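To start, the structure itself, in structure tokens.
The values are calculated or read from the model by the stated rules, or taken from the named source; none is laboratory data. Only a predicted model underlies this, so the values are computations on that prediction, with no experimental measurement involved. Glycine also receives a Cβ, built like all others from the backbone with ideal geometry; neighbour counts cover every protein chain displayed. Please note that ligands, DNA and RNA were not included when accessible areas were found on the heavy atoms of the full protein model with its side chains. Shrake-Rupley method; radii C 1.70, N 1.55, O 1.52, S 1.80 Å.
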Amino acid sequence: LGLLFVVTALVARHLGAAEFGKLSYTLAVGSILSILAQFGMDNLVVRELSSRDSEPDKVLGTAFFLRAATSLIAALLMISFGYMTSSSVEEERLFFFVATFLLVMPFLIPDLWLLAEEKARESSISQ
């Protein structure tokens, strides 16, 4: 947490007020859209994997494809929002860059299996 504060202060100082504001705005929009991409699925997947009568392969596969679909929709919304609201090509690129991180979210699904198996140490290492 302390390191995050120091890095944020250094980035803000390096970019300046206007550029850091653009970065913060873009990251905030990306964070809001990542909620859409998660689709409230994490707790449901962990609960289903924890129950002994579930089939982990089917649950993880379904969760992966649902997360991939919602992440793609969120990334497309992010890119189109950036295209509509940006005043420069630089801002559009920033929105596109943050949108690519939304596409990584389906690959975090195996972490939910580790949480369901109560392997918190392995889960933190995998992240």
Checklist entry - Round to a whole number: what % of the accessible area of the range 55-105 belongs to carbon and sulfur, probe 1.4 Å? => result 74 percent
Item to check | Residue (of 76, 34, 60) at the positive-pole extreme of the range 23-93, dipole from beta-carbon charges | outcome: 60
Next on the checklist: What is the percent carbon and sulfur in the accessible area of the range 1-54, measuring with a 1.4 Å probe over the protein chains and ignoring ligands?
Outcome noted: 69 percent
Next on the checklist: Using only DSSP helix segments of four residues or longer, with each worth -39500 (n - 2.57), what per-residue ellipticity at 222 nm results for the chain after dividing by its residue count and rounding to 500?
Outcome noted: -27000 deg cm²/dmol
Checklist outcome for this item: Ordering 7-14, 109-116, 29-36 by per-residue average of other C-beta atoms within 10 angstrom, highest first, gives 109-116, 29-36, 7-14
Checklist entry - Of (i) 13.9, 47; (ii) 14.2, 42; (iii) 17.6, 55, which one was derived for Rg and Dmax of the Cα atoms in Å from the structure shown? => result (iii)
Item to check | Per residue solvent-accessible surface (Å²) - the range 1-90, probe of 1.4 Å | outcome: 69 Å²
Checklist entry - So which DSSP H runs in the chain come out at 30 Å plus along the axis (Cα) with average Kyte-Doolittle of at least -0.5? => result 17-38, 56-85
Checklist outcome for this item: In a Gaussian network model of the chain with springs linking alpha carbons closer than 10 Å, the residue among 105, 41, 78 that fluctuates most is 41
Checklist outcome for this item: For the range 1-84 the mean separation of alpha carbon contacts under 8 Å (6+ apart) over residue count, i.e. relative contact order in percent, is 34 percent
Next on the checklist: Shape verdict for the range 39-87, please, from the Cα gyration tensor: rounded (a/c under 1.5), prolate (a/b greater than b/c) or oblate.
Outcome noted: prolate
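So if R0 is 30 Å, what FRET efficiency would residue 96 and residue 117 give, r being the distance between their Cβ atoms, rounded to the nearest 0.05? Write down the numbers at each step before the final one.
On the way: r = 36 Å, r/R0 = 1.22.
E between residue 96 and residue 117, to the nearest 0.05, is 0.25.
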Checklist entry - Which one of 64, 20, 97 has the biggest mean-square fluctuation once the chain is modelled by GNM with Cα springs under 10 Å? => result 20
Checklist entry - Between 51, 24, 71, which gets the highest mean-square fluctuation from a Gaussian network model of the chain, Cα cutoff 10 Å? => result 51
